[in-house]
Amino acid sequence: MTLYRNRKRSDLAAIDGKKFNLDLLMTGISFILLFIFAVIPIAMIAYNAFFYKGQFSLKLFTSVMTNKHNLAAMWNTIKIAFWVTICGTLMGLFYAWLLGRSDIPCKGLMRALFHIPYMFPPFIGAMAWDILFSGRGGYLNTWLMKTFNLPRAPFNINSLGGIIFVEISYFFPFVFMQVVSALERMDPTLEESARIAGASQGTVIRKITLPLVTPAISAGALLILISSLAHFGVPSILGFSKNIYTLPTMIYALISRSSGSFEGIRQGAALSIMLIAVVGIALIIQKKVLSSGGYDIIKGKSMRPTLIKLRGAKYPLLIISTLTLVIIVLMPLVTIFLVAMVRAYGLPLIPKNFTFKNYSKIFTSKATLDSIKNSLFLSVTAGLLCMFLGVMIAYVVNRIKPKGKGILELLSVLPYSIPGTVLAVGVILTWSGSLGINLYNTIWIILVAYLARYLSFSMESASASLQQVHSSLEEAARACGASHTESLIDITLPLIRPGMIAGFFLIFLPAMRELTTSVLLYGPYTRTLGVQVYSLREAGMIPQASALASVAIIIITICNALITEITKSRKGV
Amino acid sequence: MADQVVLRHVTKQFTTRTLGTITAVNDFNLTVYEGECFSFLGPSGCGKTTTLRLIAGFEDLTDGEIELCGRLVSSKEKNLYVPPEERGLGMVFQAFAVWPHMIVFDNVAFPLKIQGINKHDIQKKVKEALRNTSLDGFESAYPSDLSGGQQQRIALARAIVTNPKVMLLDEPLSNLDPKLRETMRFEIKELQRKFNFTVIFVTHDQSEAMAISDRMMVCDMGNIIQIDTPINLYNRPVNRFVHSFLGESTFINVIIQDGKVYAKGNMEQALDIPIPPDVDREMVIATRPNAIELTRNRGYKTRIEKRTFLPDITEYLVPMGDQLLKVQTPHRIKFTQGEECYINLVNPMWYPAEDKELETERLRRQLI
Amino acid sequence: MANVRFENITFHYGSHCVLKNFSLTVEKSQIMCLVGPGGCGKTTLARCLLGFIKPETGNIWIGDRCVFSAEKRINVATEQRGVGVVFQDYAVWPHLTVLENVTYPMRKRRLPKQEINERAKYALEQVRMTGYEKHLPSQLSGGQQQRVAIARALVSSDDVIVLDEPITNLDAKLREEMLVEIRMIQKKIGTTILYITHDQGAALKLCDKMAIMDWNGRLRQIGTDEDIILRPADRFVFEFIGLSNFIPLVEKNGKIGLSVGEFIPYPDSLPEGFDSSKKMEIGVRPNDIIFDDASPIRAKVRRVVFLGREYDYFLQLGTKELRVQHIALDVSQLSNVNEGDEVGIKFLNPRLYEANQHEVTQEVTA
C-alpha cells in the first residue's frame, strides 16, 4: 500500500509516502536554521542602528557618520582596499603568467612557496613584519640603521603603506589562482590559430590571451577587494599604535573600549551599516561581472599549451620572482620562529640569546592551554555541525528542489559575504538576551558565529559532491530492490563522503586560526588561539606571543598535510 | 604539378615522464602536390597530428627537413626553424579555435590586420570570404551565438581570407554531427576546387578520408604504412592493419594443406581460391562483407545462420569452419534463415597469421 | 520471464504531451527494441515501467501482476517491481567491487548467502567477467563496466530488463561484439528485454520485434526487421529508417509523372493508391535507384563519392536532387559513371505517399 499523491508527478520522492515527510522536515529545518543564522543577526544590526527604544531615529546613525574619526576610518578602508587590489592584481597576474605560460624553471618550488600564506593567519604575519620593521625600532630597522649609519628608521610598517604591503602579500594569491587556472585550462589552439594567422608571440598575448583571461582577473581582483575591505587582523596589529583605523578595527575599538556596554555596541551597529554599504557596493559589482560570464575557453583533450620561451630574461626573472617570494613568504615565518626563542624582546637574534623558556611558559599557562582547547573544541564542533548541516541543505537544494530554493541558496552564502566583524556584532545583538537567549561571554556565542560564517563553505563543497553523484546511480539501486532511504545510505552517502571530509577540513583550518570574529565575542574564559596570541602581544609579551603563534602554525601545517594525504588517496566518484 | 609540401626523413621524438622516449614520427618521406587533397589517416597515437604540427611549425623536428612551396621551413641539419606566423599557411582546428571575444568580422579580418592591409581591402576580402563560406549577414554576431557548423565556417573563412597556398585541416569535422559533417565535406571540396589550394586533412575517420581525398597516407605507431589513392588502399591494402582500418573487414583463418586451402575448423571442404606463392601453413585471408558473393550453386557450401534486414543492405551470418562470416548484399539477393547457400570470395588478400604484440603497443600509444 | 503490457499510458512533461494513450505488449522472452527520434517518449515509457515516474492514465502489467493502475490507484514502488535496468552510463557503483555490485540486488532481497554466491558466479560467467570479482569499476574499461551492469541487471530480475542505450558510449567494434553477446545471453536465460535506442542498425540486428515511435509518442509500426525494412507501414517509418528520396508526382493529361520542374511521365507501373486530389510523392531508397540506359528518366551526375563499401552518387533530376547508393561487390571494378555524365535511372520498389511536409521534420516544442 502506498499513498497516492497527485501533485508531484515526476518526483521520485512523492511516490513513497514516508519519504514525503522526511523531505519536508529537512526542507523546513534548512529554512529555519538559515533564518536564525543569516537573517536575524543582520536584522538586529539594522534595527539597533536605526531604532532607539522602539522608535525610528536617525540620530545615532548621523552622529556616527559625521564623526571625523569614523569618516577617516572609512576613507582609510577604501584607500587601503584600492591599493591592495591594484597591486595585488598586478602581482598575481605576473606570477600567473610566469608559472602558467613561460618556461621559467623551478615552478614546483615557487608553487610550494605559494602554499605557505594559506597556513599563515594574516595577523600573525603582520606581527612578524611589525617585529622587523616597527616604526619604533623593529629588528631589521635597527640593524639597517646601525649598518648604514642612518639617523632614522628607514621603514615604518606602522603606516597605511605598511598595511597595504602586508595585505598585498596575503591576498595576491587570489588573482594568481584564478588566472593560472584559466591559463592552464585554456584551449591552446586559440593562441595557435592566431600564430598561424601571422601574429607574433607578443601580439598573441596582447590580442588573444589577455582578453580571454580578463574574466578570471576580474574575479580574482574582486575577491581581493572584498577581502581587504572586510579585513581586521593586519590593520589592527599595525595601525593601533599610530591611531590608524579602518572600519572593522574602529568597530572593534568602539566595542572593546566601552567594555561591552550597550551604547558601544549600538555605535558598532551603526558603523557596521557603513561597512556593509561599502562591501555591498563591491558585492554588486562582483555579481554583475561574474554573471556576464566568462568565455568558454576550456579545452577538451589534454593538450600542453605552448610555453613562451624567455631566453635572456629567464634567469633575471627567476631571481627576482623567487627572491620576492622568499621575502614576503619566508621572512615572516622565520621571524616568528626566531623571536619565539629569544630570551627577551630586543636582544639580538643570535644563538646565545635563545631559550626554550617561552615555550615552557605558554604550555604551563592555564590561559594558553585553555585557548588551545577552546579553539580545538570550536573548530571540531563547527566543522562537524557545518558538515552535516551543509549536506542536508545541499541535498534539499539539489535533489528536493523545493519552491524558494533560490532563497535557501542565497541565505547560506550571505553570512560569508558579511565582514566577520559585522557578523560578530549581529551575533552579539541577537544572542545577548534581547531575544530571550543569552550566550554572551560563553563559548556558545562564538560557536554560533562560526556556524553562521562557515556554513556556506560546507554547503558549496557538499553541493559539488552531490552534483557528481548522478541520479542514475541512485535509480539503479532502486531498480535493484533498494528503497529510497536504502539507496541514500548505500550509494549516495559513501560517494559524497570524501567531499564531506574535505568540507570538514575546509572549516576546521580557518576556524583554528581565526581572529576577526572571536576577538569581539570572547569572554574571560573563552579565548581562542588567535585571541590569545593577540592578547599576549597586546600585553607586550612578544616572545611568548611568537611562541604561541609558532605552535599555531605548526598545528595548521600538520592538519593541512593530513588533509592533502587523505583527499589524495581517496578516489571520489 | 609542383611539389607543394615535401617531407624528407622527418622524425620527431618526445620524452614523456611516464613512458620514456617515444618516437611519434619515424622517418616520414612524402610529397604533396599542388592542388591535391591529401589525408593523413590513422588511429590516435599514430603520428598524424604530430606531423601536421611539424608542418605548421608548432613543433620542431628531431631530424629531417620540411619544405613548403619550394622554401625550406624546418631543417635539423641547417639548424633552420621558421616560426608558424611566417609560414603563410591556413589552418582549421578540431575545436574551431574561433576567438569568442571578437565578432565574426574581426575574427576573419585578423590575419589581414596583422599583414597591415588597408581597411578598404580588408572589408572587401572579408566580405568575399564570408560569402564563400555561406556566412554573409553574420558579420556582427559573436561566435557563441552561432551553431557548431557556423563556427567551423568562421574558422574556414579566416583560413582562406589570406589566400594561402596550403591549408592544414586538423580533424575539422569531428565535433560536428554526422549530417553536418557531410555538408561541410562538400563545402571544403568546393572551396578547394574554386581556389585551387593544397589541402592536408588529418582524420581518424576512414570514410571521411576516402570521400574527400585524392591520395591518402595511412600511418600506424609513428610509421607510414601505405600511401595511395583511396580505391587502391581499400582494394589492395598492404597489411592487415590497413585492411581493417579502411572499412569493415572479414578475416578468415585458413590452413594450407596438400596444395589446397581449408578454413580452420573444416578440413572437409576446400576453398576454390588460387594460392599465391610464398605462403605459410597458417595464413589469414582478408576480404570484406560486401565482397563475398552469395549464390545458390557455385562455391563453398554453407548455410544462412542469421539474416538481418538493414535499411540499405541485407546482412547474413554464415559459418565457415569454426568462424562466423558476415556477408552484406543488396536486398534483391534473397535467402532465408537456415537456407543452404554457396559463397565465393572476390579478390581476397592474403596476410600472415595474427601478431598480438603489435596490438598491445598500439593501445599503449593511444594512452599518451 | 514475464511479458509486459502497457495499456493506455498518457504522460505530460509540464504542458508538453509525451505519451498519449500509448499501448504496447512485449511478449515473454522477447527482445523488443523501441526506436524513435530524440524526445519521442521512449525513455519516458521505460521510466514509467521502472516506476521512477507516474503516468496520468493507464495500466502497466508485468506478467500477471498489475504494477500500476491510475484508475485503481495502484502504484508499486520501484524496488518491488522487479525490473532490472542498464543505463546509458552503466551506473556501476564506483565505490563497490564488481562482486559487490552484482550481489547487491540479491542482498536487498535477503537471499541466502549460498544462493547469492552461486547466482553471482553464474551471472559473471554469462558476461565473461569471471576473475574480475575484486576489481573496482575504475580499473575496468567501458565495455567491461557495461558487462558488469548487465550481469547486475540479470540477477535483479527474472522477469524483465530495460536496456536504455547501453552501448552508445562504446566504440564501433565493441558495439558489434556486445550486440552479439546480449543476444546470446538473452537466448540462454530467456529474460524479456525492452531495449531503447536511437541506433537503428543495432535495433534491427538485435530485436525479435521492433516498435517505432514518432515525435508525438505515437506507435507507428511494430514488426520484425523484415517488416520494417521491406514493408514500412507508412511514410514516417519509411523516412525515419535509413535514407530516402521523395519526388513529387502529378497527373497530366491522364498520365502520372514526375514533377521536377519539367514533367516526366513515369514509364513503369506504380503501386496502387494515386489520388489526384492530394499532393502525392514517390518514395524510393538510394539503393533502389539503378542506372538503365534505356530509361526515359534522365538525370545528370553532379558528384561521385567513393566510400569504400559503396559508391554515393548525387544526381540532378530536373530541379530535384537525388541520392543514389550502390554497394560495391568488386571495388577493383571502378564505377563506370562519372561526374558530369547524363544517365538513365530506374526505380525499384517505389512507394506512393502523400506529400506531408510536417511529418518527420516537425519537432514538438516543449
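A short reminder: the numbers here are calculations on the coordinates, not readings from a lab. Being a predicted model, the structure only gives us computed values, none of them experimental. Cβ sites come from the backbone with ideal geometry, for glycine too, and all protein chains shown count toward neighbours.
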What average number of partner chain Cβ atoms lie no more than 10 Å from the Cβ of the residues making up A:269-275?
0
Dividing the mean separation of Cα pairs under 8 Å (6+ apart) by the residue count of chain C yields a relative contact order in percent of 16
Relative contact order [Cα under 8 Å, 6+ residues apart], segment A:58-339, whole percent
32
Separation of alpha-carbon centers, segment C:95-115 and segment A:470-543, rounded to whole Å
34
In µm²/s, what is D for segment A:58-339 at 25 °C and 0.890 mPa s, where D = kT/(6 pi eta Rh) by Stokes-Einstein and Rh is the Kirkwood radius from Cα pairs?
116
Taking the dipole about the Cα centre of chain A, with the C-beta of Lys and Arg at +1 and of Asp and Glu at -1, give me whichever of A:ILE255, A:PRO510, A:ALA549 is farthest to the positive side.
A:ALA549
Scoring only Lys, Arg, Asp and Glu (+1, +1, -1, -1) among other residues with Cβ under 15 Å from the Cβ of B:TYR262 yields -2
Taking a straight Cα-to-Cα line shorter than 20 Å from B:LYS119, and setting aside same-chain aspartates and glutamates fewer than 8 residues away, one finds B:ASP106, B:GLU128, B:ASP136, B:GLU139
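About its Cα centre, what dipole magnitude does segment B:3-240 give when the only charges are +1 on Lys and Arg Cβ and -1 on Asp and Glu Cβ, stated in debye to the nearest 20?
200
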Toward the positive end of the charge dipole of segment A:58-339, about the Cα centre and with charges on Cβ (Lys, Arg +1; Asp, Glu -1), which of A:ALA194, A:LEU318, A:THR306 goes farthest?
A:ALA194
Can you find, among C:ALA77, C:GLY273, C:LEU49, the residue sitting farthest towards the positive end of the charge dipole of chain C, where Lys and Arg contribute +1 and Asp and Glu -1 at Cβ?
C:ALA77
I need A:LYS357, A:LYS287, B:LYS125 ordered by Cβ neighbour count within 10 Å, fewest first.
A:LYS287, A:LYS357, B:LYS125
Take peptide C:86-94, look around each residue's Cβ out to 10 angstrom, count Cβ atoms belonging to other protein chains, and average those counts.
5
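Relative contact order of segment A:483-573: what whole-number percent is it, with Cα pairs under 8 angstrom and at least 6 residues apart?
Values: 44 pairs, mean separation 33.2, N = 91.
Averaging sequence separation for qualifying contacts and normalising by length gives 37 percent for segment A:483-573.
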Based on the Cα gyration tensor of segment A:12-135, what are the three equivalent ellipsoid semi-axes, each the root of five times an eigenvalue, rounded to whole Å and given largest first?
42, 35, 14
Could you list log10 I(q)/I(0) for segment B:3-240 at q = 0.09, 0.15 Å⁻¹, which the Debye formula gives when each Cα is one point scatterer?
-0.39, -1.05
Lone cysteines, chain C (no partner Cβ under 4.7 Å)
C:CYS17, C:CYS40, C:CYS48, C:CYS66
Rounded Å value of the spacing that divides the Cα centres of segment B:108-130 and segment B:217-242
41
Which angle between 0 and 90 degrees, to the nearest 10, do you get for helix B:119-132 versus the longest principal axis of chain B when only C-alpha atoms count?
20
Only Lys, Arg, Asp and Glu count, each charged at its Cβ (+1, +1, -1, -1), so figure out the dipole size of segment C:130-250 about its Cα centre, rounded to 20 debye.
140
Sorted by mean Cβ packing within 10 Å, highest first, what order do the peptides B:184-195, C:248-259, C:225-236, A:156-167 take?
A:156-167, C:225-236, B:184-195, C:248-259
What percentage of all Cα-Cα pairs in segment B:38-96 are separated by more than 17 Å?
41
If Lys and Arg each add +1 and Asp and Glu each add -1, what is the summed charge of the other residues whose beta carbon sits under 13 Å from the beta carbon of A:ARG343?
+3
Here the net charge surrounding B:ILE227, from other residues whose Cβ is less than 14 Å away from its Cβ (Lys, Arg +1; Asp, Glu -1), is -2
Hey, fewest Cβ within 10 Å first, where do C:ILE196, A:ILE558 land in order?
A:ILE558, C:ILE196
Regarding the protein assembly as shown, what is the average projected area of its C-alpha convex hull, in nm²?
64.0
Within chain C, helix-based [θ] at 222 nm, where runs of 4 or more DSSP H residues each add -39,500 (n - 2.57), nearest 500:
-7000 deg cm²/dmol
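Taking the Cα centre as origin and putting +1 on Lys and Arg beta-carbons and -1 on Asp and Glu beta-carbons, what dipole magnitude results for segment A:193-333, to the nearest 20 debye? Let's see the in-between values first.
On the way: 14 positive and 2 negative charges, 163 e Å.
Dipole magnitude for segment A:193-333 comes out near 780 debye.
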Which of the peptides B:217-224, C:164-171 is most tightly packed, and how do the rest follow, going by the mean number of other Cβ atoms within 10 Å of each residue?
B:217-224, C:164-171
Using Cα-only point scatterers and the Debye equation, what is log10 of I(q)/I(0) for chain A at each q in 0.05, 0.08, 0.09, 0.11 Å⁻¹, rounded to two decimals?
-0.24, -0.63, -0.80, -1.16
Segment A:86-124 to segment B:27-103: how many Å between their Cα centroids?
36
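If you wrap a convex hull around the C-alpha atoms of segment B:62-160 and split its volume per residue, what is the figure in Å³?
126
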Burial ordering of C:MET184, B:MET349, fewest other beta-carbon atoms within 10 Å first:
C:MET184, B:MET349
Please give the calculated 222 nm ellipticity per residue for chain A, where each DSSP H segment of at least 4 residues contributes -39500 (n - 2.57) and the sum is spread over every residue; nearest 500 deg cm²/dmol?
-23000 deg cm²/dmol
Over its alpha-carbon atoms, segment C:4-239 yields an Rg and a Dmax in Å of 17.8, 55
Average projected area of the Cα convex hull of segment C:243-354, in nm²?
7.1
Would you mind putting C:8-14, A:123-129, B:277-283, A:459-465 in packing order, based on average other-beta-carbon counts within 10 Å, highest first?
A:123-129, A:459-465, C:8-14, B:277-283
